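Input: a single structure, listed below in structure tokens.
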Amino acid sequence: MPVKKAHPEAGSPHGDAAAAAAGVDGAAGDAELAERESRWNHALVGSGLGVWDHNYRLDRKYYSPTWKTIRGMAPDEVVAGDYDAWLQLVHPDDRDFVAHAIERQNAGDPNYQIFQYRERHRDGHWVWIDCRGACVEWDENGVPSRIVGTDIDITARKEAEETLSRLSRRLDLALEISHIGVFEADIENDTVEWDDRLIAIYGLQGASHQIASDAWAKSLHPDDRERVLGLAGSSVESGSDFQQEYRIIRGDGVERIIRARSAFFVDGNGHRKLIGANWDVTEDVALRNELQRAKDLAEARNRELEAAKESIERLALHDYLTDLPNRRYLDKMLEERSAECRAKGLALAILHVDLDRFKQINDTLGHRAGDAMLQHAANVLRNSVRAADFVARIGGDEFVILCTMDAASKKIGGLAQRIIHKLRKPVRYEGHDCRFGASIGIAIDSSPKLDAKQTLLDADIALYRAKGLGRNRFEFFSASARRDIVLAKHLADEILIGLERNEFVPFYQLQFDARTLDVTGVETLARWQHPRHGLLAPDRFLDIAEDLDVVSTIDALILERALADRRAWIKEGLSIPKVSVNVSARRLADPDLGKKLRALKIEPGAIAFELLESISLDDCDELVTANLKKLRKLGIDIQIDDFGTGHASIVSLLRLSPKTLKIDRELIRLLPQSAEQRKLVGSIIDIGRSLNIRVIAEGVETADHIRILEDLDCDTLQGYALAQPMPAMQIPSFIRAGSWRHGQTAARALQAHLRHALPGRANK
């Protein structure tokens with residue numbers, strides 16, 4: 001039941017009973033009352049009923065320890081949270097019904113005193129709840145003021161019902177497919193009930209299920225009637241099973257051959273009954289096999305259970321989609337194959353196969369297409385190996401192949417190459433050519449101390465190396481690769497620890513007006529203040545951070561620190577018009593990005609997000625596009641970083657409408673030496689001006705860079721010639737000192753003189 005507000009003074013649901021008994025004379029009455037309440041409490045606990053009591057008049061809520069235990073709560077845990085929060089724990093398919101049922105229950109509607117629903121347990125699984133409640137008090141207006149009830153966990157019962165229903169459906173389907181008619185006869189009451197299939201077999205369409213006791217005898221072929229009736233009578237007298245094949249004359253006059261089987265049993269009421277099945281075996285020999293299986297099902301249910309057991313065991317060892325052995329089966333085979341290799345002096349080769357670009361197929365064509373590709377890959381692997389080799393799917397798009405071979409064999413590389421070649425061929429699916437590939441890591445061991453699990457780990461390391469070297473290739477394991485993996489793992493652990501310890505800090509590089517050299521903004525740069533290695537730039541940790549999927553976390557931390565530093569600068573009387581921060585592609589795809597940014601209460605116009613052009617602005621999905629719109633609504637400007645090195649089109653710029661373009665430092669570096677480079681940069685600046693987009697030049701390292709970019713009418717400059725990246729505490733003193741202006745004043749005076757004395761020099 002929902003919890004609107006927990007009350008620390010909520011009492012026992014039997015409090016009213018105790019109050020009613022307050023008038024009992026003497027200690028004997030109190031003892032009797034205590035014993036009665038104890039007996040009820042023990043009965044409730046033993047029954048598994050969780051008691052709840054909603055007293056709206058007193059604003060009290062009570063939930064018994066059993067009620068809490070059902071949901072995975074501690075017995076003494078305080079129930080908190082409001083109705084809407086609780087409703088989110090209800091299964092989505094049940095939520096509307098539960099809300100309506102509670103509304104009606106609270107209104108005293110007797111039709112909703114009992115209802116069932118699913119609620120999420122504390123550990124994450126769904127619990128079926130049988131909720132029973134009723135109004136026990138009303139206010140002066142007749143409105144229910146107190147609802148008391150019980151909850152009980154019926155998950156096991158629901159699962160049992162589903163199992164029973166599934167078995168029943170399977171049996172009914174089997175009977176339907178096999179065209180088997182079933183009857184049940186009550187020997188003592190002389191009644192017979194036929195199912196629809198049996199009525200159809202005997203051509204008695206329209207007859208009721210309660211068939212006259214002599215209807216069967218009348219349908220027997222005259223030449224078979226005496227024999228069959230005699231055998232049936234003997235069967236009834238002796239209580240033995242009846243198994244015969246005979247002819248009948250159907251209700252429509254057609255002669256058919258029937259195979260009949262029946263058996264006696266005693267039902268739960270002690271009545272002796274006969275249950276039987278009839279088959280029409282006139283024409284179809286194949287039907288005889290189906291009838292035999294139906295006989296087995298009818299005579300011995302334990303065979304079905306045995307078949308189910310075998311099926312479960314197979315499912316436990318095989319992948320449901322590809323029918324390949326699974327990880328559990330692989331672990332078993334690793335032990336067997338390694339023992340065989342040690343005993344026979346053979347080598348064990350393990351190939352760890354991982355499909356490349358598989359996720360893109362899932363994302364673009366859907367999971368059905370992905371499943372089809374996995375089945376195709378499984379068939380390729382099965383058809384590529386020897387009969388004695390072992391192929392398993394260990395999860396997702398990963399497969400493992402085990403091969404035992406002569407220690408001197410060099411054929412394993414050829415096998416890997418064939419697999420890669422076959423998997424690279426396009427696969428046609430619903431009018432689309434699906435293209436993917438495979439990376440393979442190979443590890444081989446033939447030592448007397450062969451450890452198959454370690455060899456599997458080595459193959460995984462080799463796979464990691466194959467992917468790192470460009471994918472669609474295979475690599476053999478080497479000790480150096482293991483060292484690289486260990487170092488990368490160690491660095492990954494340090495990154496996670498560094499996030500916990502707030503070791504990632506912002507550094508700032510000032511940006512300047514190209515004409516006045518006034519400060520126009522600052523770019524925020526992530527740095528890792530490593531406890532042993534000192535200050536590390538992103539090139540030392542970014543790749544590993546991306547593998548860990550924590551780049552978005554680092555972005556968020558740097559943004560929060562930048563906002564705090566900006567507030568500190570303002571308190572010192574320092575005004576920096578714009579603070580720009582980098583944003584990763586994954587953060588742009590965060591569905592909660594807008595909500596997280598609104599919580600930071602960012603001043604409109606104070607922050608700009610820098611998007612790498614390599615994010616692929618032309619292919620932004622709907623979620624990224626929606627997030628970009630939210631940024632604009634929050635007053636956060638968009639800047640395109642590293643422009644000129646990615647693949648954004650002019651159309652994408654028009655669609656995105658950024659406030660600023662940042663020309664990549666590689667285009668700026670050769671400006672003094674290259675006329676073509678100056679033309680290219682000038683063209684970018686002209687494009688920006690035509691689209692009303694400001695242009696920032698990165699990598700401004702020399703006075704020549706400053707002069708040329710000013711001549712090209714660039715808006716903003718950023719680089720070591722003016723200011724290096726620095727921590728937040730150094731920004732105020734640096735700006736107040738104005739040291740970047742001193743060196744530029746003399747340089748500009750000389751440039752002005754040269755322009756006057758040597759016309760045209762400024763354009764060279």
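Quick notes
- Full extension of the chain between ARG632 and LYS295 gives 114.1 nm of extra length, using 0.36 nm per residue less the Cα-Cα distance.
- Percent carbon-and-sulfur accessible area, region 669-742, ignoring ligands, DNA and RNA, probe 1.4 Å: 52
- Split the accessible area of region 475-548 by element, probe 1.4 Å, and carbon with sulfur accounts for 54%.
- At q = 0.12, 0.19, 0.21 Å⁻¹, base-10 log of I(q)/I(0) for region 104-190 (Debye sum, equal scatterers on each alpha carbon): -0.66, -0.92, -1.00
- Magnitude of the charge dipole, region 360-515, Cβ model with Lys/Arg +1 and Asp/Glu -1, debye to 20: 760
- Total charge dipole magnitude, region 680-745, about the Cα centre, Cβ charges on Lys, Arg, Asp, Glu only, Debye to nearest 20: 300
- Of all DSSP beta bridges in the chain, antiparallel share, percent nearest 5: 80
- Charged side chains reduced to their Cβ positions (Lys and Arg at +1, Asp and Glu at -1) give the chain a dipole of some 4200 debye around its Cα centre.
- Above 19 Å, the calculated P(r) of region 122-276 contains 69 percent of its Cα-Cα pairs.
- Counted charge near GLY133, where neighbours are those whose Cβ lies closer than 14 Å (Asp, Glu -1; Lys, Arg +1): -2
- Summed side-chain charge close to LEU334 - residues other than LEU334 whose Cβ falls under 12 Å, Lys, Arg +1, Asp, Glu -1: -1
- Remark: region 413-561 is approximated by an ellipsoid whose semi-axes, taken from the C-alpha gyration tensor as √(5λ), come to 41, 24, 13 Å, largest first.
- Members of LYS158/LYS453; LYS411/LYS453; LYS61/LYS630 lying beyond 32 Å, as alpha-carbon distances in this model show: LYS158/LYS453; LYS61/LYS630
- With one equal scatterer per alpha carbon and no solvent term, the Debye-computed log10 I(q)/I(0) for the chain at 0.04, 0.06, 0.08 1/Å reads -0.36, -0.74, -1.06.
- Square roots of five times the Cα gyration tensor eigenvalues for region 660-710, Å: 18, 11, 9
- At q = 0.13, 0.17, 0.18, 0.20 Å⁻¹, base-10 log of I(q)/I(0) for region 433-500 (Debye sum, equal scatterers on each alpha carbon): -0.47, -0.70, -0.75, -0.83
- Theoretical FRET efficiency, 1/(1+(r/R0)^6), r = Cβ-Cβ of GLU162 and GLN244, R0 35 Å, to 0.05: 0.35
- Pairs from the table (LYS571/LYS596; LYS309/LYS332; LYS425/LYS449; LYS489/LYS601; LYS218/LYS295) lying more than 29 angstrom apart at Cα are LYS425/LYS449; LYS489/LYS601.
- Estimated translational diffusion coefficient (Stokes-Einstein, Kirkwood radius over Cα pairs, 25 °C, 0.890 mPa s) of region 98-154: 202 µm² per second.
- Charge-dipole axis of the chain as Lys and Arg at +1 and Asp and Glu at -1 on Cβ define it, positive-most pick from ILE442, ILE129, GLY268: ILE442
- Distribution of pairwise C-alpha distances over region 33-160, 10 Å bins, in %: 12, 41, 37, 10, 1
- Accessible area per residue for the chain, computed on protein heavy atoms with a 1.4 Å probe, is 53 Å².
- Fraction of accessible area attributable to carbon and sulfur, region 322-395 (%, probe 1.4 Å): 47
- Summed residue charge, Cβ within 15 Å of ARG482's Cβ, Lys/Arg positive, Asp/Glu negative: -2
- Kirkwood hydrodynamic radius over Cα pairs of region 297-387, then Stokes diffusion coefficient at 37 °C and 0.692 mPa s, in µm²/s: 201
The values are calculated or read from the model by the stated rules, or taken from the named source; none is laboratory data. What you see is a predicted model; the values in this text were computed from it and never measured. Please note: Cβ atoms are built from the backbone with ideal geometry, for glycine as well, and neighbour counts cover all protein chains shown. When the accessible area is computed, the model is the full protein with side chains, heavy atoms only, and any ligands, DNA or RNA have been set aside. Shrake-Rupley method; radii C 1.70, N 1.55, O 1.52, S 1.80 Å.
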